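Structure first, commentary second.
The values are calculated or read from the model by the stated rules, or taken from the named source; none is laboratory data. None of the values given here were measured: they were computed from a predicted structure. When we count neighbours, we look across all protein chains shown, and the Cβ atoms used for this are built from the backbone with ideal geometry, even at glycine. SASA here: full protein model, heavy atoms, side chains in, ligands and nucleic acids out. Shrake-Rupley method; radii C 1.70, N 1.55, O 1.52, S 1.80 Å.
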Amino acid sequence: MTQKALWLAEGENPLGNSTNAKLKMFYENLGIEFLGTVDLATGQTAGLGVRWRSPSQLPALSPMPSDFHTERTGVAFGPARAILNKNQSEIADRSGVPQRKIGLMETGGSVDQASSLRLRSYYEREGIAFLGWGDVTSGLFYGVGIKWAETPLSGPDRAEP
């Protein structure tokens, strides 16, 4: 896929529709599930988001390999920042969490619980809901992702993708 095709897909140009369909299929084949609803009468969207596809129950031989992606942490900080369309320094300024710690949390690194809670609270105040559930026996999380908690307010900090 060319860079130009990706630019068209990311914009509102109808020429990007076929590229969007290909990208959606690509991500779904990797195990990504797209969330949300569209009101066909008004075109309004609600609850848009993404998460790893999740089993309806724990795999029988957990933590044996399964068809479902697992995470060691249950909070998708990187996607939360991406849906707000902010860089790490902006999030650091707004949340009070140092940028270095934000980078660690986005890559699954370990930081103090207070920073993790502060960052999670910031994203939740911005209208983001964190998704996923954990298996206490294996310490793995399934269905990790994010979505808009409710239809966000319009404006530069709250625009759905």
- Is it true that some residue in region 62-71 is open to solvent by less than 40 Å² (accessible area, probe 1.4 Å), under 28 Å from Phe141 (Cα atoms) and modelled with pLDDT under 85? yes
- How do the pairs read when you match residues in region 111-131 that are among the β-branched types (Val, Ile, Thr) with residues anywhere that are open to solvent by less than 40 Å² (accessible area, probe 1.4 Å), using Cβ under 6 Å and keeping only pairs 6 or more apart or on different chains? Val111/Met105; Ile128/Ala80; Ile128/Ile146
- Can you give me the number of residues within region 66-101 that are assigned to a helix (DSSP H, G or I) and either over 15 Å from the mean Cα position of the chain (by Cα) or of a type outside the set (Val, Ile, Thr) (or both)? 18
